[in-house]
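The values are calculated or read from the model by the stated rules, or taken from the named source; none is laboratory data. Note that the structure is a prediction, hence the values are computed from the model and not measured. No Cβ is skipped: glycine too gets one built from the backbone with ideal geometry, and neighbour counts run over all protein chains shown. For the accessible areas, the whole protein counts, side chains as well, though only heavy atoms, and no ligand, DNA or RNA atoms are used. Shrake-Rupley method; radii C 1.70, N 1.55, O 1.52, S 1.80 Å.
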Amino acid sequence: MKVKGITDIFFDLDHTLWDFERNSALAFASVLEAFDIDFPLADFLTHYVPLNRWYWEQYRKDLVTQAELRYGRLKETFDRLDYAISDALLHEMSEAYIQNLPLNNHLYDGALELLEFLQPHYKLHIITNGFQAVQDKKIKNSGIAPYFQTITNSETAGVKKPHPKIFQVALAAAQCTPQQAVMIGDCLEADIQGALDVGMQAIFFNEFKVVIPNDIKQIKQLVELKTIFKYE
């Protein structure tokens, strides 16, 4: 599998370069301890992880607000654990989690090696639906900021992936055409279909080896991109 005519590579951040689930678990370990919430982290995450994914999907579709996402995912987690907690404490915990999240900065295996490999030959960029203040800290604290020429997030673009406008804003910032660009991400709808709809190429990071249409380019590990983008 090769891609042709590419000058600019756009990455999603969470679940693509930045190991969200690992870093999130570490953040919650600190938060639960700080708030004296005494039950196993694994039990908490069993409920929280799918709820968080569901709330992010609703947020992407503009069905919930940022505030509703941050509150609802925690509220429903504690409800499912049958753990009584006040709204005031939930809001405190939510803010503590947001502050702790970018303090843990594990990247996926091979991420830094890949960026080092690509940077001399391609312009690299990020397009993310995450909250700007948090994402900026993740990018800086994980040490990957120097590799990227532009960072486009949904808050500044005014729309979220897969809306065409966020890709158009990113392409304009990068000063490249859709035909010169490829998007790499973990969400078939937001990253892959969104990019394809504006004329970009796209590669799905299929970490969990889900079944996808045959016409979608995919990788299962980041290191595979070194072969796809081998400079010749």
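What fraction, in whole percent, of alpha-carbon pairs in the chain exceed 21 Å separation? All intermediate terms of the calculation are to be shown ahead of the outcome.
On the way: 15190 of 26796 pairs.
It works out to 57 percent of all Cα pairs.
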Worksheet entry | Degrees separating the helix 41-60 axis from the principal Cα axis of the chain, which is the longest one | 50 degrees
Worksheet entry | Rel. contact order, % - alpha carbon contacts under 8 angstrom, at least six apart, the chain | 25 percent
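If you roll a 1.4 Å probe over the stretch 77-232 with all protein chains in place, what percent of the accessible area is carbon or sulfur? If you can, show how the numbers build up before the last one.
On the way: 3790 of 7610 Å².
The C+S portion of the solvent-accessible surface of the stretch 77-232 is 50 percent.
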Worksheet item: How many percent of the alpha carbon pairs in the stretch 1-53 exceed a separation of 12 Å?
Response: 73 percent
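Please list the three semi-axes, largest first and in whole Å, of the ellipsoid equivalent to the stretch 122-182, using sqrt of 5 times the eigenvalues of its alpha carbon gyration tensor. Working shown, then result.
Values: eigenvalues 71, 49, 10 Å².
Here the semi-axes work out to 19, 16, 7 Å.
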Worksheet item: What number, rounded to the nearest 500 deg cm²/dmol, is the helix-based mean residue ellipticity at 222 nm of the chain, given -39500 (n - 2.57) per DSSP H run of at least four residues and division by all its residues?
Response: -13500 deg cm²/dmol
Worksheet, complete the sentence: Taking Leu115, Leu81, Leu196 and ranking on accessible area (1.4 Å, protein atoms only), highest first, one gets Leu196, Leu81, Leu115
Item to complete: Compute the length gained on full extension between Asp136 and Leu89: take 0.36 nm times their separation in residues and subtract their Cα-Cα distance, giving the result in nm to one decimal.
Response: 14.3 nm
Worksheet item: Counting only the heavy atoms of the protein chains, how much of Tyr83 is accessible to a 1.4 Å probe, in Å² to the nearest 10?
Response: 70 Å²
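Between exposed trypsin sites (Lys or Arg not before Pro) in the chain, where DSSP calls loop and at most 15 other Cβ atoms lie within 10 Å, what's the longest gap?
On the way: sites that count: Lys2, Lys4, Lys61, Lys209, Lys220, Lys230.
In the chain, the maximal stretch lacking such sites is 62-208.
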Fill in: At most 12 other Cβ within 10 Å, DSSP loop - chymotrypsin sites (Phe, Trp or Tyr not before Pro), the stretch 182-229
Phe208
Worksheet item: Roughly speaking, what is the centre-to-centre gap between the stretch 159-180 and the stretch 66-103 when only Cα atoms are used, to the nearest Å?
Response: 33 Å
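Loop-only check: which GluC sites (Glu not before Pro) in the stretch 1-73 are DSSP coil with at most 12 other Cβ within 10 angstrom?
Details: sites: Glu21, Glu33, Glu57, Glu68; in loops: none.
Here no loop site has a sparse enough neighbourhood.
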Worksheet item: Hey, what angle do you get for helix 20-34 against the long axis of the chain, alpha-carbon based, 0 to 90 degrees rounded to 10?
Response: 20 degrees
Worksheet entry | Radius of gyration and Dmax over the Cα atoms of the stretch 87-131, both given in Å | 16.4, 51
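Among rounded, prolate and oblate, which fits the stretch 160-232 when a ≥ b ≥ c are the square roots of the eigenvalues of its C-alpha gyration tensor, a/c under 1.5 means rounded, and a/b larger than b/c means prolate? Show your work: numbers first, answer last.
Working: a/c = 2.19, a/b = 1.28, b/c = 1.71.
Verdict is oblate for the stretch 160-232.
So if R0 is 45 Å, what FRET efficiency would Ala29 and Val3 give, r being the distance between their Cβ atoms, rounded to the nearest 0.05?
On the way: r = 39 Å, r/R0 = 0.88.
It comes to 0.70.
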Worksheet item: What angle do you read, to the nearest 10 degrees and between 0 and 90, between the alpha-carbon axis of helix 132-141 and the longest principal axis of the chain?
Response: 70 degrees
